[in-house]
Amino acid sequence: IIFFFRGDEKVQLLKSLGVDHVVDLKNQDVTASIKDFLKSRNLKGVDVLYDPVGGNLAKETRKLLNWGAQILVIGFASCEIPVIPANIILVKLRYFTFSLFFSNRSITLPNYATLTSL
């Protein structure tokens, strides 16, 4: 499990909870840090990307995905909606689509929501 956070206190808390690798966004290069971690574990890439931020961080971490990886986009806290190029979806990723609408502290699941796996 790899986490990204800003600030030493959060990084230390996550490490104390047993997270495999924590990247401090204030002090570390995300791509280089994760590549070093993956190399140290003899891994070729990341299998699942959980992305609540979007923006530049999503673009950077997409480069680190393993073949057959999955991306779970939860939101876009960066105010930039994540865009995943079709060639990456078609060639590199296994993907799921699922629609949820959050409104007034409740979750509405449309009856037409689909779950698709390639």
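Carbon and sulfur atoms: what percent of the 1.4 Å accessible area of the stretch 1-43 do they account for?
Of the solvent-accessible surface of the stretch 1-43, carbon and sulfur hold 50 percent.
Once you have the Cα-Cα distance between Val91 and Asn56, take 0.36 nm times their residue separation minus that, and quote the gain in nm to one decimal. The partial results should precede the final answer.
Values: separation 35, 0.36 × 35 = 12.60 nm, distance 2.18 nm.
Gain on extension, Val91 to Asn56, equals 10.4 nm.
What accessible area per residue comes out for the stretch 1-43, rounded to a whole number of Å², with a 1.4 Å probe?
Working: 3100 Å² over 43 residues.
For the stretch 1-43, the solvent-accessible area averages 72 Å² per residue.
Work out, in µm²/s and without decimals, the Stokes-Einstein translational diffusion coefficient of the stretch 1-43 at 20 °C, 1.002 mPa s, Rh from Kirkwood over C-alpha pairs. Show your work: numbers first, answer last.
Working: Rh = 10.5 Å.
For these conditions, the coefficient is 205 µm²/s.
Which of the residue pairs Lys59/Lys92; Lys35/Lys92; Lys10/Lys35; Lys10/Lys92; Lys15/Lys92 have a Cα-Cα distance greater than 23 Å in the structure shown?
Lys10/Lys92; Lys15/Lys92
The values are calculated or read from the model by the stated rules, or taken from the named source; none is laboratory data. Remember, predicted model here, so these are calculated numbers, not experimental data. For the accessible areas, the whole protein counts, side chains as well, though only heavy atoms, and no ligand, DNA or RNA atoms are used. Shrake-Rupley method; radii C 1.70, N 1.55, O 1.52, S 1.80 Å.
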